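One structure is given here, and the rest of the page talks about it.
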Ligand code: FES
């Protein structure tokens with residue numbers, strides 16, 4: 001088959017891989033290391049099935065907890081009794097597919113994992129290019145649907161963040177380091193989700209006259225503004241996800257004996 005890559009007929013013949021003289025490889029390398037670390041950490045936590053509740057906190061990897069055997073305090077305990085593996089496996093696919101199909105992350109892993117291409121003006125090693133027209137990459141088109149599922153998860157995580165103000169012995173009036181971390185994480189995830197390109201299309205797409213839809217125009221204006229920083233929110237929320245889960249893990253596993261907090 002004729003090459004559709006940089007050696008395709010009609011493309012300029014350049015003997016070197018790139019004419020760039022800067023250190024273009026740093027960004028894909030850092031992205032590769034950071035995403036690999038995140039995947040390894042998440043896999044460890046999702047498959048472990050333990051240390052995910054420390055009253056009043058619950059790890060976001062396990063919320064909502066859909067099985068009847070959740071740790072006491074998980075919000076809410078679910079109806080599924082036949083599941084014997086880690087309960088996180090029942091919900092982890094939602095944020096996973098949401099991030100994997102995200103327009104920004106596609107750019108990130110196309111460059112850093114598949115080197116397709118690794119950077120602007122750097123030839124990719126592949127001989128042909130089929131884009132996202134075939135399996136498996138055509139599945140990236142389901143991003144718009146995973147967006148709605150991610151919204152539901154965000155609502156759940158926001159409830160968890162509010163619930164983190166409850167005293168372990170009952171009643172409200174607790175603020176711990178974990179409360180702050182869960183709130184920051186929920187806020188970062190909302191910014192990441194609302195700045196999504198699919199969200200921008202959902203609120204402002206398929207409209208001929210914005211003047212006839214002033215509310216949607218306002219929403220679209222807001223989403224467009226934060227959409228310009230989508231990459232930033234993708235990374236910030238990735239970090240807060242790990243931070244929030246790791247803090248719950250430290251407490252639940254006993255590595256940290258107490259949560260810094262005030263009660264009133
Ligand atoms: Fe990144 Fe939708 S484009 S979450």
| remark: For region 1-75, the Debye formula with one identical point scatterer on each Cα and no solvent gives log10 I(q)/I(0) at q = 0.19 Å⁻¹ as -0.90
| said: Using only the alpha-carbon atoms, how far is helix 26-48 inclined from the longest principal axis of the chain? Give it as 0 to 90 degrees, nearest 10. | reply: 40 degrees
| Can you give the relative contact order of the chain as a percent, counting alpha carbon pairs under 8 Å and 6+ residues apart? | 22 percent
| query | Cα convex hull of region 179-246: how many Å³ per residue? | reply | 76 Å³
| For residue 258 and residue 107, FRET efficiency with R0 = 45 Å and r from the beta-carbon atoms, rounded to 0.05? | 0.60
| Roughly what angle does helix 177-194 make with the longest principal axis of the chain, taking Cα atoms, 0 to 90 degrees, to the nearest 10? | 40 degrees
| Dividing the Cα radius of gyration by the Kirkwood radius, what Rg/Rh value follows for the chain? | 1.05
| task | Relative to the longest principal axis of the C-alpha atoms of the chain, give the angle of the C-alpha long axis of helix 143-163, reported between 0 and 90° and rounded to the nearest 10°. | result | 30 degrees
| request: Take the Cα pairs of region 83-151, get the Kirkwood Rh, then feed it into Stokes-Einstein at 37 °C and 0.692 mPa s and tell me D in µm²/s. | output: 239 µm²/s
| Contour minus Cα-Cα distance for residue 96 and residue 210 (0.36 nm per residue) | 37.6 nm
| message | Running a GNM on the chain with Cα contacts under 10 Å, which residue among 131, 178, 254 ends up with the highest mean-square fluctuation? | response | 131
| Compactness ratio of region 43-157: Cα Rg over 2.2 N^0.38 Å, N = residue count? | 1.36
| query | Quick one: what Rg and Dmax do you get for region 44-111 from the alpha carbons, in Å? | reply | 14.0, 43
| task | For region 94-247, would you read off the P(r) tail past 27 Å as a percentage of all alpha carbon pairs? | result | 38 percent
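Readers should treat all values here as calculations from the given coordinates under stated rules, not as data from a laboratory. Remember, it's a predicted structure, so these values are computed and weren't measured experimentally. No Cβ is skipped: glycine too gets one built from the backbone with ideal geometry, and neighbour counts run over all protein chains shown.
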